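The values are calculated or read from the model by the stated rules, or taken from the named source; none is laboratory data. Everything quoted here is computed from the prediction, not taken from an experiment. Positions of Cβ are generated from backbone atoms using ideal geometry, with glycine treated the same way; all protein chains shown enter the neighbour counts. When the accessible area is computed, the model is the full protein with side chains, heavy atoms only, and any ligands, DNA or RNA have been set aside. Shrake-Rupley method; radii C 1.70, N 1.55, O 1.52, S 1.80 Å.
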Amino acid sequence: IGGGAQKLSPEHISIIGVHSFEPAEEEFVRKNGIRVYFLDEVKKRGFAAVYAEALARATKGTAGFGMTVDLDCFDPDEAPGVGTHEKDGLSPAEVLPVLHGTAWHPLFRGLEIAEFTPHRDKGGRTAELLKKIIDNVFTAETSSQD
């Protein structure tokens, strides 16, 4: 993927579970047509519906897709080991089953997990969630692990 050519097209990018943006971030996503699913929309529609829409967007006419899971999208009671705590985040109980088997999608190319801050983790809860995310994404069986 070397070279100077653009690697991602904004029409294929979705951000799910956003609480808020800084002004420059908001301007960037608006200007570039990146689809943002704010947390209130995710809670209203359900994570599964939003994820299915985002996955369709990421795979329409592309050679592949990657996924970043930013751990601070989860409620801090579930993931205390992050840099920025935002109350009322996503629930692992809703998210994990939806991510199940994503790596087996024929266009899947990679997983990135962001914002893990081990020294802030309490009782290993965030580390355990991180492991569950990886297990769910890469497990091909039809039953989910949560």
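Every helix of 4 or more DSSP H residues in the chain counts as -39500 (n - 2.57), and over all residues that averages to -10500 deg cm²/dmol at 222 nm.
Can you give the charge dipole size of the chain about its Cα centre, rounded to the nearest 20 debye, using +1 on the beta carbon of Lys and Arg and -1 on the beta carbon of Asp and Glu?
480
Remark: accessible surface ordering of 119, 85, 100, 19 (largest first) is 119, 85, 19, 100, probe radius 1.4 Å. Computed from backbone phi with θ = phi - 60° and the Karplus coefficients 6.51, -1.76 and 1.60, the 3J(HN,Hα) list for segment 128-138 is 5, 4, 4, 4, 5, 4, 4, 4, 5, 5, 9 Hz; x is used for glycine and proline.
How large is Rg/Rh for segment 1-68, to two decimals, with Cα atoms and a Kirkwood Rh? Don't jump to the answer; show the numbers that get you there.
Numbers: Rg = 13.0 Å, Rh = 13.1 Å.
Reported Rg/Rh, Kirkwood definition of Rh: 1.00.
Rounded to whole numbers, the Karplus 3J(HN,Hα) couplings from phi for segment 74-88 are 8, 4, x, 5, 8, 9, x, x, 10, x, 10, 8, 10, 5, 6 Hz, using 6.51 cos²θ - 1.76 cosθ + 1.60 with θ = phi - 60°, and x at Gly and Pro.
Summarising the amide proton neighbourhood of residue 69: residues at separation of 5 or more, or on other chains, whose placed amide H is nearer than 5 Å comprise 112, 113, 114.
Quotient of the Cα radius of gyration of the chain and 2.2 N^0.38 Å, N being its number of residues: 1.05.
For residue 37, the amide hydrogen comes within under 5 Å of the amide hydrogens of 15, 16, 17, 18, counting only partners 5 or more places away or on other chains and with H modelled in the peptide plane.
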